[in-house]
1. Give a quick list of trypsin sites (Lys or Arg not before Pro) in the stretch 1-83 that DSSP marks as loop, anything other than H, G, I, E or B, with at most 14 other Cβ atoms within 10 Å.
2. Quick check on the exposure proxy: order Leu151, Leu295, Leu64 from fewest to most C-beta atoms within 10 angstrom.
3. Taking the Cβ-Cβ separation of Arg423 and Ser290 as r and a Förster radius of 30 Å, what is the calculated FRET efficiency to the nearest 0.05?
4. Lysine pairs, Cα distance under 29 Å, 8 or more residues apart or cross-chain: how many in the chain?
5. As an exercise, use a Förster radius of 22 Å and the Cβ-Cβ distance of Leu320 and Ala261 to find the FRET efficiency, rounded to the nearest 0.05.
6. Just tell me, in residue order, which DSSP H segments of the chain are both 24 angstrom or longer along the helix axis (alpha-carbon based) and at least 0.5 in mean Kyte-Doolittle hydropathy.
7. If one computes the Cα centroid of the stretch 251-269 and of the stretch 1-77, what distance in Å separates the two points?
8. By how many nm would the segment from Val231 to Arg96 lengthen if fully extended, with 0.36 nm per residue of separation less the alpha-carbon distance?
Amino acid sequence: MHDLLLISDLHLGSHLKPRMRGEFVHLASKIEDSFPRFIDHYLQQGRLQLIINGDFIDFWNVELPGQEDLPPEALAVARLHAVMDAHPQVEDALVRFLGQRGSIVFVTGNHDAELLYADVRAAIIERLEGALCSDEDAWDASITRTGHVRLDELPGGRIRFVRWFLREEGGAWIEHGHTFDPTCATPARMAPTRGDHLVQTVAEVATRNLSNWMPEIDYDAPDKFSGMDYVRWALARGWRFVLRVMLLYMRTAGRILALWAGSGRVDKKGRAEHDTLLARVATNAGLQMSTLTALEAMAPPPSATRMSGLLSVTAVDYMLSVLLPPVIGWWVAGWFSLPRTLGLAVGVAVTVGVVFRLRRGRKRRDVAGDMLEVAAGVGEVTGVPLVLMGHSHHGELRRLGNVVYANSGSWLDGSHLLVRRDRASGRLVSVELRQWRNGGTTRLSSMDVPWQAWSAGGANADADSAPTQAADAAQ
């Protein structure tokens, strides 16, 4: 039994598109330099289980001119190879980690849902496990498989792929967390397919059709910008840029609204495969189906499945509220031979009321806050004291009643989690939020896992463990 090293949101390959400014290329170069040293640092600490908790590869941002007409799965494999070829030092570091009998688990995120394709998983196995093969010591790649979700049963020196979550009974629940973000979620998470294609989310459509066409924007803007943030950002760059953004926005809004017509919905075959896999995973995890369906019910409906959600995300509801009432008022006044200025005034008054109502009823997008709210519920439903997620790019460690919630943040700023085990019992006893910087780690906060609270049925919860500040020596 090994300690757990959790990282997420590397977004490898985000620089692989023609329209790219130097900042992104510099970021990719920085990852190539820093990630191998990070892995080597932890290899000196003993054998660990490395859990890459989603968004390892950013398939949304990878563009391959001349290959976009390939079948979906073949295109995903081509994108994978392009990313790994661009990051040879990252690949070598993962091979070294496997070579010291550490296991690597890839948890599927929203930017790398292509890990659900069998050929993509096989390509990763060939590149990482295959690099360790020799005539004298051939490895059986068939041992590596997907669907295995028991954290406490993973052998060393192997790769595992996880569609949704990892679970250790009475210990931890690990998932990327994007299913609690409506713009990044799909229905039927185990097999979100329509024909041979993975169903696109609202965030993916926005990234491919807006962000990828504007190298001036930050790589994670779709994950943190509201509609007004985009407006302020564009206005600061002049009217010509605003015109360009408006044209791209109209194209993007149209494609997002088209998701409701069908392309954002899983077909019957995908839904049936999801249900089959869900039952298999429940058995594997030692959970009742009712537990998994309860977890599915905790997540809000994906935006792509609701017209109201799509109108809200695209701000089309605001535009209709601003434009339609004055036009209708003007026309109705003329029809009844009333002063058109009166009709226009009534329309403007209606617009003000509707916009005010929309603003009052609209909650600002807060991915980190929403994930924190559901963490305690996830722990209670699944019977674990420790819930570990990523996705929000916001490293966090909080105690919520009898549940400790930890978010690994984004590895791009060095944020990661180290979960320690008791050497005698093997149970998970503490979690640390750390940051990798300048060749060493800084422990930002730490917290004990409230094991006794769970073993006693929650009657005697431990007091909150106070976060600590410390610095580990760089190695």
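Computed from the coordinates by the stated procedures, all read-outs in this text should not be read as laboratory data. What you are looking at is a predicted structure, and each value in this text was computed from that prediction instead of being measured. FYI the Cβ positions are ideal-geometry reconstructions off the backbone, even for glycines, and counts take in every protein chain you see.
1. Those satisfying the criteria are Arg19, Arg21.
2. Values: Leu151 24, Leu295 21, Leu64 14.
Ordered from fewest to most neighbouring Cβ atoms within 10 Å, Leu151, Leu295, Leu64 come out as Leu64, Leu295, Leu151.
3. On the way: r = 36 Å, r/R0 = 1.19.
Using R0 = 30 Å, I get an efficiency of 0.25.
4. Values: Lys17/Lys30; Lys17/Lys224; Lys30/Lys224; Lys224/Lys363.
Lysine pairs meeting the criterion: 4.
5. Working: r = 18 Å, r/R0 = 0.83.
Here the calculated transfer efficiency is 0.75.
6. Working: long enough: 22-43 (32 Å, -0.12); 239-258 (28 Å, 0.85); 268-285 (25 Å, -0.74); 316-335 (27 Å, 1.21); 340-361 (31 Å, 1.00).
Those that pass (Cα extent of 24 Å or more, hydropathy at least 0.5) are 239-258, 316-335, 340-361.
7. 28 Å
8. Full-extension gain reported as 44.0 nm.
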